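In what follows, a single structure is set out as structure tokens and then discussed.
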Amino acid sequence: MALFVVILLFSPLGVASGAPQSSGTPFSIALTILPQKLPADGNVYPAVLVSLIDSAGLPTIALNDTTVLLTSSLESVGRVQSSAVIAVGRAFTAANFTTTSAPGTTVITATAAGIRTVSATVTTVVATGYPTHLSIIALPDTVPARGSGRLEIELQDDLGLPAKAISDTTVSLFSSNTKVLNLTQSTALIASGEFVQLADYTTGLVPGSASVTASASGFASGVTIPPVTVLGLAPLALKLFAQPDKIVQCVLPATSCTGRLVIALTDLLGDPARAQRDITVQVRSSNNTAITAPSSAIIKAGNISVVSSYTALTTASGSGQAVIAVSSPGLKSDFSTIYTNKPVGLPTQLALFVGPNPLPADHHSYSSVEVSLLNSAGQPTVSQSGGTSVTLTSSVVGVGNFSSILLTVLSGSNFQATSFTSTFVVGATDLTATGQNLLPIQRQVTTFGSVPSKVVLKAITPTLPADGSTHPALEVVLQDSANAPAITPTAIHVNISSSQRGIVKVASATIGAGQTFAIVNVDTGTVAGTTSVTALVSTLTSGITISTVILQTVLPAPSSLAAFAPAKIVLPTAKEHPFLALQLQDSGGNPARARVRTNATVTSSNTTVISKPFKITFKGGQDYVLAQLNLLAAGTTQLTVSSEGLAAAVIPITVVPYPLQATLFASPPSIFTNQTSNVIANVVLAGKGFPGAKIGWLVHSGSISSLNSTTDKGGSALVTFSPKAPGVGSVTAVISSGAFGVRNLTATIAVLSTSSTSKSFTTSLTQLLFSFPYVLILGGGIVAIVAVAILRIRGRRTGAEIAADEAGLE
């Protein structure tokens, strides 16, 4: 008989050296969260990777369609789809996770029949970096009536950090109460690459509060918090100043007998107050035979007073008097007595009238001063020899002064009025009127307003990008002792310093005359950190005043890349691709949205596992991208993800061979032309015979019993080969399944002629075997070279067998 000794020399195809081997049978579910932190934004993410592992902890495949039930412990944080199916022969499936707007942590639990249950934690956080919100801040947020200020409009991300505009962004501005606050512009433009813009506002005459809303397409709107507060007391009283309160009757030499009625608005303390609307004042005379006046006068909105008139009538007695009363609904009334006389004698002295008094310290001019002529008896008179020249002076011009120090009382007239201009200084000054051959007169006028007593430093944007740029980040405000905004009468220099100049540099600032505040720019460095900024003023009447704020800088997000994938992956079938999750992150490791389209490159350290680098792209607004891994062979590799300007990410990946063993062999492997051989295919998946795999059979140099078959429950299938002629026949099995795709295996059969002699048989078979490499493509890609040794062994035989042998027949 002939004994065939078969030596198989093989190496698995597609397996790098050192790759671990899976035992195959699923033991437990494995959950991988890709990435581990998700944005709390209400979106759906395919972030839960459900896979199977064996008892050794190595990834494996499903032996049947495996349904995995999924639950989330805290659905207020996020919800996971209720179930996921790992198809037979597949290593994993992905499940969707839907976040909410509430950041937090939830536990995902996965269960399946006959497999160990497992849990994993999902964390959601607020994403950074991408502009999604508008913020608007009023500078200052407390101002007097008829004041002004600035608005800082800022783009922010979901975490409230400054985020630069991706493109030019037009922001619309609206005031909630235009009687309190008006905008000088209805829109503001934040240019691409910037995150802040300034706009102006003015306040009206009505004390109260108003909010400004900033809105833009695609952004959450912002509202000034706190709202802008407009200070100012509503007028509660009327004050009447008769100028003069002694006047001549229209008797020659007097040619004018009309005086002034100055009607002013005040609060209950007598300080000036502005009309918030037009106020009609009723004017009445107690004696129309002596004094007549218009029945009403209107104080226009925004004014503190109105100048009306009265007329002195000629009386038979040559003198008269009347009480003039002023009144208006809701206001305390006032009155003044006016005396009239015929002009007698020459002017020998002056009378000086000031009203309103006090005046606002607002650098405005008021027709509030009047000079009249009196005779030696103190009665009103007129000049008969031409105009009378009067000199007016102010003792403290820093408080207020006249536009001209010379005033002329015309011939035939009893008085002349002039204007007085206040400054921003709150105080008092003595007004003096002098003239040739006239007794001088002096009156005091005071100005009303807030006196700066301290400086307050405020952080407009307490957190700034560490981008080496200049940003309007600080507000320096002057306040009085009651913490109300105070106007500085002269420019005030404010010394400002930073404790960490490498973090933030800031220069000193100046609050201009007539202003209550100044906006200060800072220069940030490129290193994140915290600094203390201090403002100092030494020129206020209260002495040295100091104010300090804290500024923080952060690296602009995103600043780094992160990569996530299972540490061990089964080498997939042709139609399956494992996932690599890539995420943009800020310096704190939280998801950060791409401001613009961002490209990254993924490189493998082992080109046997992944042959070429590939690129992925984050669209503007994305922080998270899934990429498919095209794995070529089992083994270990290190993936590096890099992009210009971002810190790179590096992760190791181990690829485990696909647990499929498919074999094909002929029994017997050599036959005579009048014999047949059984060709047997065995399919073993994850350590178990795999039933139901479809096999299409192909034959060369012969015929087979069937062209199609299916593996039985043990994973086997068989066809019978019948040869056509001596030589080498072959049978190919095309094995296919949705579990693992297609595998092609080939078995060869040596076919000998029945008419050969013993010598020719031995010779021809030896030549045939050693001249033809019998290639068997086995499960997992096994390549075997079959060497056949032929031994002729004699034993006990029948006489016919021995005779046949001796005749040269085998």
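A few points about this structure:
- When we screen Pro39, Pro59 for residues that are surrounded by 14 or more Cβ atoms within 10 Å (Cβ to Cβ) and under 31 Å from the mean Cα position of the chain (by Cα), the only hit is Pro39.
- Residue within the stretch 115-125 that is at pLDDT below 95 and either touching a helix residue (DSSP H, G or I) at 6+ places or on another chain (Cβ under 7 Å) or outside any strand (DSSP E or B) (or both) present: no
- Residue in the stretch 649-660 that is in contact (Cβ under 8 Å) with a residue 60 or more places away in the chain and more than 23 Å from Lys568 (Cβ to Cβ) present: no
- Of all the listed residues (Leu173, Leu159), the sole one being touching a strand residue (DSSP E or B) at 6+ places or on another chain (Cβ under 6 Å), surrounded by 15 or more Cβ atoms within 10 Å (Cβ to Cβ), modelled with pLDDT of 95 or more and farther than 30 Å from Ser55 by Cβ is Leu173.
- Some residue of the stretch 492-500 being crowded, with 16+ Cβ neighbours inside 10 Å and under 25 Å from the mean Cα position of the chain (by Cα): no
- Pairs with Cβ under 6 Å, 6+ apart, first in the stretch 230-245 and free of Cβ contacts under 8 Å to residues at least 12 places away in the same chain, second surrounded by fewer than 17 Cβ atoms within 10 Å (Cβ to Cβ) and in a strand (DSSP E or B): none
- Only residues that are closer than 16 Å to Pro35 by Cα, in contact (Cβ under 8 Å) with a residue 60 or more places away in the chain and assigned to a strand (DSSP E or B) were counted in the stretch 98-112, giving 3.
- So Gly104, is it within 30 Å of Val455 (Cα to Cα), small (Gly, Ala, Ser), modelled with pLDDT of 90 or more and in contact with a Leu (Cβ under 8 Å, 6 or more places away or on another chain): no
- Residue count for the stretch 649-676, restricted to those that are surrounded by fewer than 24 Cβ atoms within 10 Å (Cβ to Cβ) and over 60 Å from the mean Cα position of the chain (by Cα): 12
- Residues located in the stretch 252-283, provided they are within 30 Å of Leu410 (Cα to Cα) and surrounded by fewer than 16 Cβ atoms within 10 Å (Cβ to Cβ): Leu252, Pro253, Thr255, Thr258
- Residues of the stretch 490-515 that are touching a Ser or Thr at 6+ places or on another chain (Cβ under 6 Å), under 16 Å from Ser538 (Cα atoms) and assigned to a loop (DSSP other than H, G, I, E, B): Ala491 alone.
- Residue within the stretch 70-87 that is modelled with pLDDT under 95, under 22 Å from Gly687 (Cα atoms), assigned to a loop (DSSP other than H, G, I, E, B) and in contact with a Lys or Arg (Cβ under 9 Å, 6 or more places away or on another chain) present: no
- Among the candidates Ser172, Ser256, Ser209, Ser167, the residue that is over 30 Å from Thr337 (Cα atoms), of a type in the set (Gly, Ala, Ser) and outside any strand (DSSP E or B) is uniquely Ser167.
- Val143 vs. criteria over 8 Å from the mean Cα position of the chain (by Cα) and closer than 15 Å to Ala592 by Cα: no
- Where Ala473 falls short, out of the listed (1) in contact (Cβ under 8 Å) with a residue 40 or more places away in the chain; (2) part of a strand (DSSP E or B); (3) surrounded by fewer than 17 Cβ atoms within 10 Å (Cβ to Cβ): (3)
- Residue match in the stretch 293-300 (condition: closer than 25 Å to Leu252 by Cα and modelled with pLDDT of 95 or more): yes
- Residues within the stretch 332-347 that are in a strand (DSSP E or B) and either surrounded by fewer than 19 Cβ atoms within 10 Å (Cβ to Cβ) or among the polar types (S, T, N, Q) (or both), tallied: 9
- For Ile546, the conditions (1) under 28 Å from the mean Cα position of the chain (by Cα); (2) assigned to a strand (DSSP E or B) all hold with the exception of (1).
- One residue stands out in the stretch 516-530 among those that are part of a strand (DSSP E or B) and under 19 Å from Val196 (Cβ atoms): the one that is nearest to the chain's Cα centre (by Cα), namely Thr524.
- Taking residues in the stretch 262-276 that are touching a residue at least 40 places away in the same chain (Cβ under 8 Å), and partners anywhere that are assigned to a loop (DSSP other than H, G, I, E, B) and of a type in the set (Asp, Glu), the pairs with Cβ atoms closer than 7 Å and at least 6 places apart or on different chains are Ala273/Asp267.
- For the stretch 554-573, a residue qualifies if it is in a loop (DSSP other than H, G, I, E, B) and either closer than 29 Å to Leu52 by Cα or among the polar types (S, T, N, Q) (or both), and the qualifying residues are Ser559, Ala565, Pro566, Ala567, Leu571, Pro572, Thr573.
- Inter-residue pairs, beta-carbon under 7 Å, first within 16 Å of Phe353 (Cα to Cα) and in the stretch 413-442, second surrounded by 17 or more Cβ atoms within 10 Å (Cβ to Cβ) and among the basic types (Lys, Arg), 6+ apart: Ala417/Arg260
- Those residues of the stretch 661-681 which are part of a strand (DSSP E or B), in contact (Cβ under 8 Å) with a residue 60 or more places away in the chain and either more than 26 Å from Gly727 (Cα to Cα) or of a type outside the set (Gly, Ala, Ser) (or both), in sequence order: Gln661, Ala662, Thr663, Leu664, Phe665, Ile671, Phe672, Val679
- Any hit, the stretch 190-207, residues being buried (at least 22 other Cβ atoms within 10 Å of the Cβ), without any contact (Cβ under 8 Å) to a residue 40 or more places away in the chain and of a type outside the set (Val, Ile, Thr): no
The values are calculated or read from the model by the stated rules, or taken from the named source; none is laboratory data. For clarity, every value in this text was computed on a predicted model and none was experimentally measured. As a convention, Cβ positions derive from the backbone with ideal geometry for all residues, glycine included, and neighbour counts pool all protein chains shown.
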